[in-house]
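Since every read-out is calculated from the coordinates, none of them should be taken as a lab result. Only a predicted model underlies this, so the values are computations on that prediction, with no experimental measurement involved. Virtual Cβ from ideal backbone geometry, glycine too; neighbours counted across all protein chains shown.
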Amino acid sequence: MNSNKNKHPNTLVIFGITGDLAKKKLLPALYHLISMSMLDTDTKIVGVTRQEIIASEFFSDLELCINEQDGL
C-alpha cells in the first residue's frame, strides 16, 4: 500500500488525550498504524489534557484500551 518513501515524520497533537474519543478511537487507530508500519518512526505524538495525570497510569490505561479494541 504505502512505501517507505511516502512516509514523512510529523508531530501529531491530540487535545483531550484522556477523553473518551481518544481512548476508544484515536489511540487504538494510531496503535494499528504503528503496528502496520504506516507511520514514520520519527513521528511524534503529543497528548494534551487539563487533568493532572501520572505518565505510568496513562500508559497503563492506554494498554487496556488497545487490548479492548483487539478483543483481548
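Residue by residue through region 38-46, what is 3J(HN,Hα) from phi via Karplus (6.51 cos²θ - 1.76 cosθ + 1.60, θ = phi - 60°)? Round to whole Hz and write x for glycine and proline.
Here the 3J(HN,Hα) series is 9, 10, 4, 5, 8, 5, 9, 10, 10 Hz.
For a protection proxy built on the mean count of beta-carbon atoms within 10 angstrom, sort 54-61, 19-26 highest first, please.
Peptide ranking by packing, descending: 19-26, 54-61.
Near the amide H of Ile45, under 5 Å away, which other amide H atoms are found, from residues 5 or more places off or on another chain, if H is placed in the peptide plane?
Correct list: Leu12.
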